Amino acid sequence: MRRVVVTGLGLVTPLGGSVEQTWERLIAGQSGAGPITRFDASDYACRIACEVKPADFDPNLRVDHKIQRQVDPFIVYGIDAAGQALEDAGLTDMSEEERLRAGTMIGSGIGGLPGIAEESIVLFERGPRRVSPHFVHGRLINLVSGQVSIKYGLMGPNHAVVTACSTGAHAIGDAARLIALDDADVMVAGGTEATICPIGIAGFAQARALSTGFNDEPTRASRPWDKARDGFVMGEGAGIVVLEEYEHAKKRGAKIYGEVVGYGLTGDAYHVTAPHPEGSGAFRSMQMALKRAGLNPADIDYVNAHGTSTPMGDELELGAVKRLFGDAIGQVSMSSTKSAIGHLLGGAGAVESIFTLLAMRDQIVPPTLNLDDPVDGAEGVDLVPWKAKERKVDAVLNNSFGFGGTNATVVFKKA
Amino acid sequence: MSDVADRVKKIVVEHLGVEAEKVTDEASFIDDLGADSLDTVELVMAFEDEFGVEIPDDAAEKILTVKDAIAFIAANGK
């Protein structure tokens, strides 16, 4: 199979409107959490979120005014992050021949939830003739891939992933496969989400997934592996990478962030929202990715965990990582950057994969904020509490798990 | 009439994201102002909201230029 490398990155997150702004603040230990400003959440059990800040993100930089009006915010974030990644890779002006071999694989967990909710009210209050003609294609998940394909003239595979909170990781893994199997030379891949809206917060709160005990101290709410954790904090934004066939990238002298060497994907076959009680799906996903990569656990320097700050998930993932790594657990650093940016749902796996690539570039791993009192079983595991840590980082692993019992692991190493 | 024309042109500028100078009486939404068929549906809805008129589908199909819209609203608007 052909080798696949990452040559471009794009981020829109609660910590910044670009890769460097986000990364700088993440390494500095800043939090993107705050009170919900998008709507009046005073009657909601959860009143906090990690929102993308208007001061950081200007949608007019890369998204036409007309398109902004027609589509849900997750599409706007996705188009912008894809543009950043293509600019970073130096691939915004490909020839027609190149563009025939370039595609898109950008997913979302839920898609246009705010717009669906709002337009439903229009339908009920004002009737079917008042529903926007842009309603459908402004909300569909694959319309991020579609919009990016149209904007940049990418005529290869035009595909999208929908696997809840593992979407971003699956998108990168699946897109890499398309390049490895010679269906494309370049893929714009990742995930995006924007569901901080009344029905989104109410729905996840009713599923008992959100933190509700830190409404007065938002930056303390996302606390993976801490004993006081009580649920995740919803984030929003997008992470997009440019994947490229290795020789294609070498030939044009592209900057290479890392190589996609491993990909694992499994199902828990257990419950719609709860993880398998032994973490077996997560374990097998990581095992599969390492096998594909031809690496041993001891070769992995940094794990960006799924670590959502929910009571069950964090400990089961920790247990699975400990079982897989065995004695090598003493050398790896594992953090959850959801402690700083919240849970970006369908965007999480891609944003966090980008963090692992930046960790390799700068030889520093981002911290787990709010980790004051680690769970039992965390002894001897470096969970990088509070402060970023400089260390050797040559190979990295990113985990993402989603509702429906879906698991994905991506492994990168220096090319 | 001129009030109607100004309001129609303002809606066109906002919805299609075009410069005001381009929105002449003779301008065709699709040929001159870059609208697609979905944009024209949205424009008609915006005219209905702004002027409190109902523009039936068969009438909407005949509104191709800025002038057509102004004329329909002047004749049927409140």
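The values are calculated or read from the model by the stated rules, or taken from the named source; none is laboratory data. Please read these numbers as outputs of a predicted model, since none were measured by experiment. Positions of Cβ are backbone-derived with ideal geometry, glycine not excepted, and every protein chain shown enters the neighbour counts. For the accessible areas, the whole protein counts, side chains as well, though only heavy atoms, and no ligand, DNA or RNA atoms are used. Shrake-Rupley method; radii C 1.70, N 1.55, O 1.52, S 1.80 Å.
Below are the figures for this structure:
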{"item": "Conditions (1) buried (at least 21 other Cβ atoms within 10 Å of the Cβ); (2) assigned to a loop (DSSP other than H, G, I, E, B); (3) not basic (Lys, Arg): number failed by A:Val162", "result": "(1)"}
{"item": "Number of positions in region A:256-288 that are assigned to a loop (DSSP other than H, G, I, E, B) and surrounded by fewer than 19 Cβ atoms within 10 Å (Cβ to Cβ)", "result": "9"}
{"item": "Filter result (touching a strand residue (DSSP E or B) at 6+ places or on another chain (Cβ under 6 Å) and surrounded by fewer than 23 Cβ atoms within 10 Å (Cβ to Cβ)) within region A:4-18", "result": "none"}
{"item": "Per-region count, region A:51-92, residues basic (Lys, Arg), open to solvent by less than 50 Å² (accessible area, probe 1.4 Å) and away from every other protein chain (no Cβ under 14 Å)", "result": "1"}
{"item": "In region A:203-220, the residues that are in a helix (DSSP H, G or I) and crowded, with 17+ Cβ neighbours inside 10 Å", "result": "A:Phe204, A:Ala205, A:Pro218, A:Thr219, A:Arg220"}
{"item": "Residue within region A:137-156 that is in a loop (DSSP other than H, G, I, E, B), open to solvent by 40 Å² or more (accessible area, probe 1.4 Å) and within 11 Å of chain B (Cβ to nearest Cβ) present", "result": "yes"}
{"item": "Subset tally (residues that are in a strand (DSSP E or B) and among the charged types (D, E, K, R)) for region A:221-234", "result": "1"}
{"item": "Unmet requirement for B:Ile70, which otherwise passes all of (1) closer than 24 Å to A:Gly127 by Cα; (2) away from chain A (no Cβ under 13 Å); (3) surrounded by 15 or more Cβ atoms within 10 Å (Cβ to Cβ)", "result": "(1)"}
{"item": "Unique residue being within 14 Å of chain A (Cβ to nearest Cβ) and in contact with a Ser or Thr (Cβ under 7 Å, 6 or more places away or on another chain) when the list is B:Glu42, B:Glu19, B:Glu26, B:Glu14", "result": "B:Glu42"}
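Table: residues versus (1) of a type outside the set (Gly, Ala, Ser); (2) not in a helix (DSSP H, G or I).
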residue	(1), (2)
A:Gly347	no, no
A:Val351	yes, no
A:Thr356	yes, no
A:Asn370	yes, yes
A:Gly380	no, yes
A:Lys392	yes, yes
A:Asn398	yes, yes
A:Val411	yes, yes
A:Ala415	no, yes
